[in-house]
Structures are given as C-alpha cells and as structure tokens.
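Bear in mind that the values in this text are calculations on the coordinates, not laboratory data. These figures come from a predicted structure and were not determined experimentally. All Cβ positions, even for glycine, are placed from backbone atoms using ideal geometry, and neighbour counts span all protein chains on display.
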Amino acid sequence: MRLILNVIWLVLSGFWLAVGYVLAGIVCCVLIITIPWGLASFRIANYALWPFGRTVVDRPGSGTPSLIGNVIWILVAGIWLAIGHVVTGIALCVTIIGIPLGIANFKLVPVSLVPLGKEIVPAP
C-alpha cells in the first residue's frame, strides 16, 4: 500500500514539491552562510518525493541554534513552502483518492516551516 501511495504521490504532487525544496536548497548553498538550511532543504526534498513509510522526529540535542535558524528559515523560504503544501493539500482533498495524499501534505507543513532540529526516520 505504501508503494502505491508513494507512486501516486510522486505523480500528483511529490515531484513539484521536491523541486521547490531543491531550488531553495540550491539558493541556500550558493550563499555560503546558509549551507545548513540548504542541507535541510535537500533532506526535506528527499522526504517530499517519497513520504509514506517515513516520519519526522525531533533530533536530540538541537537547541537554541536550531531555533534561531528556524526563525530565519520561516522568514526566507519556509512560509512559501508551507503555503505550497497547504494549497496542494486542499486541492488533493477534493477527490476521494486524493484525501490520503492531502493529509500527507498537511503533515509536511510543520517540517517545511521548521526543518532544523528534525530527522527523517522510517515509520514504525
């Protein structure tokens, strides 16, 4: 079932959302100071391509630097990526088949807003 959902996800929304994260990651890596945000963006792009069967958890030991970095990320790129997830999630929830994909989009909103201090792990 995860494979079927991931393939449908990839075709309907995953590819384009991942492209958005990759573009944000490239911009962040070009600007040398923002490389940590670029790496986090690439990590989330991988997750946005194939989300079913994986989950996001808090990374132990992330503290104040992650908080400050997340505030900067929200202002620069996070809000736009989160809006993309919300709009795509609403559009997918219009159809019966798209409801699980829309819910997955809504679950990606928190990690798109605050990517630093998060880790992507296999779902139990």
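For V19 and V7 in the same chain, what is the full-extension length gain: residue separation times 0.36 nm, less their Cα-Cα distance, in nm?
Values: separation 12, 0.36 × 12 = 4.32 nm, distance 1.63 nm.
Computed gain between V19 and V7 is 2.7 nm.
Would you compute, from DSSP H runs of 4+ residues alone, the mean residue ellipticity of the chain at 222 nm, taking -39500 (n - 2.57) per run and dividing by the full residue count, rounded to the nearest 500? Walk me through the intermediate numbers first.
Working: 6 runs with 78 residues, N = 124.
Value at 222 nm, helices only: -20000 deg cm²/dmol.
What relative contact order, as a whole-number percentage, does the chain give when Cα pairs under 8 Å and 6 or more residues apart are counted? Intermediate results must be reported in sequence, preceding the final value.
Numbers: 155 pairs, mean separation 37.9, N = 124.
Normalised by residue count, the contact order of the chain is 31 percent.
At 7 Å along the Cα-to-beta-carbon direction for both I68 and N46, put a label point, then send me their distance in nm to one decimal.
My value for the distance between the label points is 2.7 nm.
Based only on Cα atoms, what mean projected area does the convex hull of the chain have, in nm²? Walk me through the numbers on the way to the answer.
On the way: hull surface 29.0 nm².
With every direction weighted equally, the projected area is 7.2 nm².
Each label point is 7 Å from the Cα along the Cα-to-Cβ direction; what then is the distance between the points at A123 and R54, in nm?
1.3 nm
Compute the FRET efficiency between I96 and C29 as 1/(1 + (r/R0)^6), taking r as their Cβ-Cβ distance and R0 = 35 Å, and round to the nearest 0.05. List each step's numbers first, then the result.
Working: r = 40 Å, r/R0 = 1.14.
According to the calculation, E is roughly 0.30.
So, by mean Cβ neighbours within 10 angstrom, what's the order for 104-112, 33-41, 71-79, 58-66 with the highest one leading?
On the way: 104-112: 20.2, 33-41: 18.6, 71-79: 16.6, 58-66: 10.8.
Taking the mean over residues of other Cβ atoms within 10 Å, the ranking is 104-112, 33-41, 71-79, 58-66.
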